[in-house]
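In what follows, a structure is listed as structure tokens, so that the remarks can point back to it.
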Amino acid sequence: MRSGRKNRDVWNRIYSSGDGIMEYPSEDLVRLVHRRLDPEVDRNVLDLGFGSGNNLIFLLRAGFHCSGAEISPEATRIAGDRLRKLELTADLRTMEHAIPFDDGSFDAVISWHVLYYNGEEEL
């Protein structure tokens, strides 16, 4: 089994069990966004590996236009459900191998607590 597929299966099991669903954005991310990003300038943001959507919710409420790419179809479903309940909108996509958006589509990319969960092949 390729490690990317194995990683997807692991995350699907985690999200299917109800684990990994976070309610609040990362405190460090909140500080970083307030210090470094401006929704008027950095309008379009990609959240790469958005998980259950807690950081997306924060970014959308802060005035950014957001998209997300996630390896886990279950996480994509959970985050989409959460956004709909809050009447928030983002373009969420499940990815297989490559990021499913055109180059140059975003002013900023956030990948919070994602990289260290991957091996060299996935990166």
Report the local net charge at GLU87: Lys and Arg +1, Asp and Glu -1, summed over other residues whose C-beta lies under 14 Å from its C-beta. +3
Using a 7 Å offset from the Cα along the Cα-to-Cβ direction at both THR94 and SER111, what is the distance between the two label points in nm, to one decimal? 2.1
Of ALA69, ALA90, ALA98, which has the largest mean-square fluctuation in a 10 Å C-alpha GNM of the chain? ALA98
The chain accessible area per residue, 1.4 Å probe, protein heavy atoms, integer Å², reads 62
Whole-percent carbon and sulfur contribution to the accessible surface of the chain (1.4 Å, no ligands, DNA or RNA) stands at 50
Options (i) -0.49; (ii) -0.44; (iii) -0.55 are given for log10 I(q)/I(0) by the Debye sum over Cα atoms at q = 0.13 Å⁻¹, and the computed one is (i)
Region 42-98 - Rg and Dmax from Cα coordinates, angstrom: 10.3, 30
Using R₀ = 35 Å, calculate the FRET efficiency as 1/(1 + (r/R₀)^6) where r is the Cβ-Cβ separation of ASP19 and GLU40; round to 0.05. 0.40
Angle in degrees between helix 73-85 and the longest Cα principal axis of the chain, rounded to the nearest 10: 30
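The values are calculated or read from the model by the stated rules, or taken from the named source; none is laboratory data. All values derive from a computational prediction rather than experimental measurement. Don't worry about glycine lacking a Cβ; one is built from the backbone with ideal geometry, like all the others, and counts go over all protein chains shown. These accessible areas exclude ligands, DNA and RNA; they are computed on the full protein's heavy atoms, side chains included. Shrake-Rupley method; radii C 1.70, N 1.55, O 1.52, S 1.80 Å.
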